[in-house]
Amino acid sequence: MKQFWIFDFGFWIRRSIGRKELCLVLVALILALCSFAQAQQATTMHRVCFLSSRAGIEVREEAFKQGLRELGYDEGKNISLEWRFAKGDASQIPALASELIQAKCDVLVAGGTEATNGLKSATATIPVVFTVASDPVGAGLVASLSRPGSNVTGLSLDAPGLNGKRLEILKEVLPRLSRSGVLYHRASPASKVFLTEIEPVARSLKVQLKPHGVETANEIDAAFKAMSNERVDGLVRLPSGFLTSLRKPTVELAAHHRLPAIYDDRIIVEDGGLMSYGPDITDLYRRSASHVDKILKGAKPADLPVEQPTKFEMVINLKAAKQIGLTIPPNVLVRADRVIK
């Protein structure tokens, strides 16, 4: 009966209107169907889940959300976001990663190398985008920057010579520097690469390096005591999301030992550290939204090249300098992108 009704309706249309009018009706019908399909697609709710090894840094999470908004994603309408933070306790990462896997996320986003490793170990199928990662090739996250080759891609923190550049700046600020402590995260594969990178610069500057690796918050104090016993003149802290989560005790101990220190992340200087030089990490968080967008539209992480930083900044905290009795040379101060007074 239904088939007869449809046939009869079609016969009535052909009898009632001409061929030209019929074509117009069909075109209008097709356009209406396309508009309906687009409307359905626009209201698809994408689920994106975020994991970080440290406590949340609101300005960076907001930058990531801003990047999504710029690409047409409206939280609560066509995208939902879930957040998990290990708060500096790397032992929590496997459990938090497992939670997000079970949440059936469309894309997993990792803040830092440790979080990326945790997600990569937990799934080989769900796409993973790292907002920042140190030496993603050396850390085994991707096969190469141009062809990641797996379900993981994102943005690298690294640019050639950054750690050596930090030592050079420290030497400019502290011409008497002859022994420099190096604080690094012992469990991070990238740290080995960074140590190798900084060694030739140290030799050229005639600076002896005193590396100290830590894996827990309790080891930070012991590392500073050891550096004090070694009579180091200054400190370079190598990039690590884990160490960034421990920035408060690090800054306090550097001040207590009156040790000039240079960091990779401006947030440490904003929290009382002496100075930093490195990529604009907030900008990397914003840019990582583009990788998420491409994956949600069908791109494969294996084919999305890892992007490198394009913006760098030097931040100096004059309050911290005064606290340890240090004067920042004018030729260094004038190059700072931001000076905290």
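Quick note: the coordinates plus some simple rules give every number you see, no bench work behind them. Remember, predicted model here, so these are calculated numbers, not experimental data. In this analysis, Cβ positions are derived from the backbone assuming ideal geometry, glycine residues included, and neighbour counts consider all displayed protein chains.
Quick notes
- DSSP bridge orientation in the chain - percent antiparallel, rounded to nearest 5: 10
- The Cα-based radius of gyration of segment 54-191, divided by its Kirkwood radius, gives an Rg/Rh of 1.03.
- Computed from Cα atoms alone, the Kirkwood hydrodynamic radius reported for segment 118-224 is 15.6 Å.
- Where Cα atoms sit under 16 Å apart: lysine pairs in segment 208-341 separated by 8 or more or lying on different chains: 4
- Applying the Karplus relation 6.51 cos²θ - 1.76 cosθ + 1.60 with θ = phi - 60° to segment 84-89 yields 3J(HN,Hα) values of 9, 10, 7, 6, x, 9 Hz, where x marks Gly and Pro.
- For segment 290-341, the equivalent ellipsoid built from the Cα gyration tensor has semi-axes of 42, 11, 8 Å, listed from largest to smallest.
- Between LYS341 and GLN102, the contour length at 0.36 nm per residue exceeds the Cα-Cα span by 81.3 nm.
- Residues with amide H under 5 Å from that of ALA110, placed H, sequence gap 5 or more: LEU51, VAL129, PHE130, THR131
- Structural descriptor for the chain: relative contact order 18 percent, calculated from alpha carbon pairs under 8 angstrom and at least 6 residues apart.
- To the nearest ten degrees, helix 19-42 and the longest principal axis of the Cα atoms of the chain are 30 degrees apart.
- Ranked packing of 164-173, 149-158, 298-307, most packed first, by mean Cβ within 10 Å: 149-158, 164-173, 298-307
- Once you reduce segment 86-112 and segment 202-223 to the center of their Cα atoms, the two points are 29 Å from each other.
- Cα-projected label distance for GLU270 with GLN323, points at 7 Å along beta-carbon direction, nm: 1.7
- Estimated at 0.36 nm per residue, the fully extended path between THR125 and LEU333 surpasses their Cα-Cα distance by 70.1 nm.
- Segment 235-279 and segment 130-162: distance between their alpha carbon centers, rounded to Å: 23
- Sorting the segments 103-116, 226-239 by their mean number of nearby beta carbons within 10 angstrom, highest to lowest, gives 103-116, 226-239.
- Computed 3J(HN,Hα) for segment 288-297, one whole-Hz value per residue from the Karplus formula 6.51 cos²θ - 1.76 cosθ + 1.60 where θ = phi - 60°, is 5, 4, 5, 5, 4, 4, 4, 5, 5, 8, glycine and proline marked x.
- Under Karplus coefficients 6.51, -1.76 and 1.60, residue-wise ³J(HN,Hα) of segment 95-106 in Hz, glycine/proline x: 5, 5, 4, 4, 4, 6, 4, 5, 6, 6, 7, 6
- Taking all pairs of distinct alpha-carbon atoms in segment 247-341, Kirkwood radius in angstrom: 15.1
- Computed extension length for LYS300-GLU215: 27.2 nm, one decimal, from 0.36 nm per residue of separation with the Cα-Cα distance subtracted.
- Where only alpha carbons of the chain are counted, the Rg and the Dmax (Å): 26.6, 100
- Shape category assigned to segment 221-290 from the gyration tensor of Cα positions, a/c cut at 1.5: prolate
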